[in-house]
């Protein structure tokens with residue numbers, strides 16, 4: 001994924017809380033609060049898992065106790081966390097709206113300019129199945145749409161959605177249901193990056209410059225949990 005080097009500027013930023021919106025700024029839903037913030041320079045590499053996403057079906061065979069072993073099928077395929085998972089925190093950024101130029105007075109980015117994206121977990125290699133590894137994470141989430149972002153004449157406005165992720169280490173374990181078929185086999189360690197569950201770690205920002213609004217679908221990673 002290509003990183004975005006975006007200059008830091010002051011802007012309005014929405015957090016999903018239960019406070020009222022700040023004065024002179026607008027961001028829906030009404031449960032969001034605007035604060036001052038900047039888009040970071042995205043990490044040029046991102047999590048180790050970011051280049052590929054893999055998920056193989058967990059297959060468990062079953063045979064009678066007196067049948068001859070079928071060692072090609074009767075295998076249990078598990079995925080376990082390695083130690084404590086060596087967790088690393090990341091924030092994924094996604095521009096969900098078209099850049100809107102306010103050429104004739106004020107303007108507003110609204111639902112018709114925005115797209116809801118489904119963002120899934122990623123893994124650095126094949127795994128038998130996705131696991132939480134004990135963290136409060138989920139396989140995927142939707143960015144949502146319909147956030148209001150107002151600008152003044154001469155500004156370019158757009159909406160970014162940010163989501164906190166955990167990156168952690170897992171390992172596949174394969175072993176036969178019939179002990180006559182051999183011993184347990186351990187796969188290589190794989191780094192998995194998954195979004196926090198539900199609305200946890202979800203942030204929405206209203207940005208007002210051409211530098212911060214390159215194009216709908218622009219994305220990048222920053223280390224740590226942004227605005228934690």
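The values are calculated or read from the model by the stated rules, or taken from the named source; none is laboratory data. Everything numeric here is computed off the predicted structure, so don't read it as measured data. Cβ: placed from backbone, ideal geometry, glycine included. Neighbour counts: every protein chain shown.
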Condition check for residue 167: in a strand (DSSP E or B), touching a strand residue (DSSP E or B) at 6+ places or on another chain (Cβ under 6 Å), at pLDDT 95 or above and surrounded by fewer than 18 Cβ atoms within 10 Å (Cβ to Cβ): no
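Among 116, 194, which is at pLDDT 95 or above, farther than 22 Å from residue 76 by Cα and surrounded by 22 or more Cβ atoms within 10 Å (Cβ to Cβ)?
One residue alone meets the criteria, 194.
Out of 86, 122, report the one residue that is touching a residue at least 12 places away in the same chain (Cβ under 8 Å) and surrounded by fewer than 14 Cβ atoms within 10 Å (Cβ to Cβ). Break it down into steps so the answer makes sense when it comes.
Numbers: 122 fails: surrounded by fewer than 14 Cβ atoms within 10 Å (Cβ to Cβ).
It is 86.
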Among the candidates 198, 146, residue that is on the phi > 0 side of the Ramachandran plot, outside any strand (DSSP E or B) and touching a helix residue (DSSP H, G or I) at 6+ places or on another chain (Cβ under 7 Å): 146
Failed condition for residue 147, given (1) touching a strand residue (DSSP E or B) at 6+ places or on another chain (Cβ under 8 Å); (2) modelled with pLDDT under 95; (3) within 30 Å of residue 78 (Cβ to Cβ): (3)
Those residues of the stretch 201-219 which are within 20 Å of residue 107 (Cβ to Cβ) and assigned to a loop (DSSP other than H, G, I, E, B), in sequence order: 208, 209, 210, 211, 212, 213, 214, 215, 216, 218
